[in-house]
Amino acid sequence: MNGRDLVLLVGYVLLVLGCAGPLGRYLAAVYEGRRTGLSPLLVPLERVLLRACGVRFQGSGRPIETGWRGYAQAMLGVQAVGALVVYLLLRGQDRLPLNPEGLPAPAPDLALDIAVSFVTNTNWQSYGGETTLSHFVQATALGVQNFVSAATGMAIAAALARGFARREEETIGNFTCDLVRGVVHVLLPLAVLLALALVASGVVQHLGDHVVVTRLEPAADGTATQVLPLGPVASQVAIKQLGTNGGGFFNVNSAHPFENPTALSNLLQCLAILLIPAAFCACFGAMVRDRRQGRALLAAMGALFVVSLIACYAAERAGNPALRALGVDDASSAAQAGGNQEGKEARFGIAASALWATATTAASNGSVNAMHDSFTPLGGLVPMVLMQLGEVVFGGVGSGLYGMVLFAIVAVFLAGLMVGRTPEYLGKKIGPFELKAAGIGLLAPAGVVLVGTAIALVTPAGLAGLQDRGAHGLSEVLYALSSAGNNNGSAFAGLNANSPFWNALLAVAMWIGRFAPAIPVLAIAGSLARKRTVAITAGTLPTHGPLFVVFLCAVVVLVGALTFLPVLVLGPIAEHLQLSASR
């Protein structure tokens with residue numbers, strides 16, 4: 001590792017960890033309804049939106065809260081309406097304004113896939129953004145859902161924190177109020193600041209027609225002009241990264257120079273991916289009145305992230321053994337960067353590409369600045385495994401936090417079995433109901449991934465989308481289902497998923513992957529809110545120290561290894577062995 005790569009990787013990790021505390025305390029203040037420095041500016045907007053949504057208030061000025069069932073019903077209702085509205089906008093695209101290219105409406109199966117994708121915070125794309133969707137649809141249908149879907153995950157995490165913090169209460173909050181607060185106080189101001197910074201660094205922001213320019217030299221077919229696709233890019237990129245939505249205005253996503261032109265824009269976007277997920281650990285600690293617990297979760301996430309980053313970087317820096325067997329010099333030297341440069345932008349190189357690939361799959365983001373299909377087998381294995389772990393290594397905004405708490409519940413249960421005590425976490429006894437709900441939340445996405453992969457591999461319509469056969473073809477299918485089932489949205493880029501079969505299969509996987517964990521989390525929050533706090537004794541397992549952090553990391557890795565190791569052996573691991581044998 002050269003000095004420049006080391007500065008980038010270490011500096012990035014320190015930036016994320018340094019921003020987590022202050023932003024986390026701000027998040028806690030927002031969800032607890034306390035005054036912040038932005039309250040004079042944003043509270044009036046919040047009140048207007050809450051009244052428009054029909055939120056009722058108590059005499060004290062607090063919104064009327066509901067139990068976990070009412071919270072879940074409100075959440076599912078908003079998502080269902082959002083999916084319907086996005087679908088209708090997509091199907092009517094050719095009759096809506098701001099469509100300078102006259103793009104037709106997407107087919108029904110593709111429109112369904114897009115609607116489910118953006119409502120579930122997945123942003124899987126079986127299409128090229130600049131050639132399929134108009135400016136109006138990108139900014140309204142998709143842009144609005146980038147805010148709403150992100151705020152939904154944040155609201156669920158806040159409700160779970162209240163479940164731990166409250167004592168013998170029946171309510172866990174008001175979903176609409178939490179949703180609006182997340183959008184108004186967190187996502188909107190951060191998105192405005194990031195969009196302005198991106199515009200200043202060269203990201204395009206345009207509502208007019210695409211621009212036709214004259215080439216310096218004619219193309220091979222004699223064409224003397226070229227069309228430059230433009231649009232409201234910076235505004236979309238800002239919220240897609242901050243909300244861990246992913247997706248891209250352009251087909252090649254953040255590898256496109258109009259979407260990510262410089263090293264500065266690359267760093268800002270990559271930082272935005274993990275900014276709020278990391279901060280939610282501090283938010284959780286503040287809301288449960290024990291900041292050590294938040295730091296423990298952050299330490300577990302950070303440790304898993306650093307190990308994954310080192311593994312991905314090392315695999316890409318090592319290069320491709322099959323090319324070396326042909327006499328290709330891929331060693332790092334003064335004349336070349338070296339390593340596996342396939343599928344990577346020269347202006348970013350291996351370090352920034354490996355960093356982005358690790359961050360985007362550690363979070364449920366899915367945006368890319370390099371093609372994962374061109375990574376080495378072990379380099380591509382890292383982002384695949386990060387998704388299969390449930391995207392809890394920081395994870396999505398809110399969803400990463402509550403996913404890691406599910407693992408923590410399993411961890412304290414296993415620890416309780418070892419010492420013969422009833423498991424406790426944050427002063428609440430963990431009973432059979434909480435453990436079963438945690439099991440459903442953790443295993444449902446894994447089941448979707450494995451069952452969906454099996455269906456695709458034995459179905460002619462599923463195999464028809466493959467670019468490759470053998471171990472790499474298996475990796476393409478497994479990656480697609482891992483991405484959809486865990487609401488990531490990135491792709492291996494070798495799979496043609498724009499077919500009725502793939503659009504339907506991935507839509508089902510995305511819907512189950514989003515709400516199968518979310519509803520058990522809310523049920524756990526409701527159950528814990530009704531419980532009393534138990535006294536801490538000498539036999540209570542401390543859940544804020546290094547021992548628990550290591551144990552929690554082990555549980556996360558163990559569950560992922562037992563679930564996915566067999567199929568990983570047949571995919572990326574087998575491909576790596578084949579490449580190694582070619583030397």
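The values are calculated or read from the model by the stated rules, or taken from the named source; none is laboratory data. What you see is a predicted model, and the numbers here were worked out from it, not measured in a lab. Cβ atoms come from the backbone with ideal geometry, glycine included; neighbour counts cover every protein chain shown.
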> Can you tell me which of 204, 199 is part of a loop (DSSP other than H, G, I, E, B), aliphatic (A, V, I, L, M) and at pLDDT 90 or above?
Replying inline: 204
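Output the residue which, of all residues in segment 238-266 that are in a loop (DSSP other than H, G, I, E, B) and of a type in the set (Ser, Thr, Tyr), is surrounded by the most Cβ atoms within 10 Å (Cβ to Cβ).
Step by step, filter segment 238-266, then rank; the result is 244.
Regarding residue 34, is this residue part of a loop (DSSP other than H, G, I, E, B) and closer than 17 Å to residue 158 by Cα?
yes
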>> Among the listed residues 504, 523, identify the single one that is under 23 Å from residue 402 (Cα atoms) and either more than 19 Å from the chain's Cα centre (by Cα) or modelled with pLDDT of 95 or more (or both).
In response: 523
>> For segment 68-100, give me each residue that is surrounded by fewer than 22 Cβ atoms within 10 Å (Cβ to Cβ) and touching a strand residue (DSSP E or B) at 6+ places or on another chain (Cβ under 9 Å).
In response: 73, 74
> Of all residues in segment 210-237, how many are of a type outside the set (Ser, Thr, Tyr), surrounded by fewer than 24 Cβ atoms within 10 Å (Cβ to Cβ) and within 21 Å of residue 102 (Cβ to Cβ)?
Replying inline: 10
> What tally of residues in segment 543-583 results from selecting those that are hydroxyl-bearing (Ser, Thr, Tyr) and either touching a Cys at 6+ places or on another chain (Cβ under 8 Å) or not in a loop (DSSP other than H, G, I, E, B) (or both)?
Replying inline: 2
>> Six or more apart or on different chains, Cβ atoms under 7 Å: show the pairs whose first residue is in segment 177-190 and within 12 Å of residue 152 (Cα to Cα) and touching a residue at least 40 places away in the same chain (Cβ under 8 Å) and whose second is among the charged types (D, E, K, R) and part of a helix (DSSP H, G or I).
In response: 180/46; 181/46
> Looking at (1) in contact with a Leu (Cβ under 7 Å, 6 or more places away or on another chain); (2) surrounded by 20 or more Cβ atoms within 10 Å (Cβ to Cβ); (3) in contact (Cβ under 8 Å) with a residue 60 or more places away in the chain; (4) not basic (Lys, Arg), which is the only condition residue 452 fails?
Replying inline: (3)
> Name the residues in segment 545-578 that are crowded, with 18+ Cβ neighbours inside 10 Å and over 21 Å from residue 307 (Cβ atoms), would you?
Replying inline: 567, 575
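Got at least one residue in segment 112-125 being farther than 24 Å from residue 27 by Cα and surrounded by fewer than 19 Cβ atoms within 10 Å (Cβ to Cβ)?
No; the residues of segment 112-125 include none that is farther than 24 Å from residue 27 by Cα and surrounded by fewer than 19 Cβ atoms within 10 Å (Cβ to Cβ).
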>> Given the options 188, 179, name the one that is surrounded by fewer than 21 Cβ atoms within 10 Å (Cβ to Cβ) and either among the basic types (Lys, Arg) or assigned to a helix (DSSP H, G or I) (or both).
In response: 188
> in contact (Cβ under 8 Å) with a residue 24 or more places away in the chain and assigned to a loop (DSSP other than H, G, I, E, B), is that true of residue 487?
Replying inline: yes
> What helices (runs of 4 or more DSSP H) completely inside segment 277-375 contain at least 3 residues that are buried (at least 19 other Cβ atoms within 10 Å of the Cβ) and either at negative phi or touching a Cys at 6+ places or on another chain (Cβ under 8 Å) (or both)?
Replying inline: 291-318, 349-362
> If you check residue 61 against the conditions, is it at pLDDT below 95, surrounded by fewer than 18 Cβ atoms within 10 Å (Cβ to Cβ) and either out of contact with any Pro (no Cβ under 7 Å at 6 or more places or on another chain) or assigned to a helix (DSSP H, G or I) (or both)?
Replying inline: yes
>> Can you pull out every residue in segment 42-58 that is loosely packed, with under 12 Cβ neighbours inside 10 Å and either in a helix (DSSP H, G or I) or hydroxyl-bearing (Ser, Thr, Tyr) (or both)?
In response: 44, 51, 52
> Taking the stated definitions as given, is residue 80 within 26 Å of residue 524 (Cα to Cα), among the small types (Gly, Ala, Ser) and either in contact with a Leu (Cβ under 8 Å, 6 or more places away or on another chain) or not in a helix (DSSP H, G or I) (or both)?
Replying inline: no
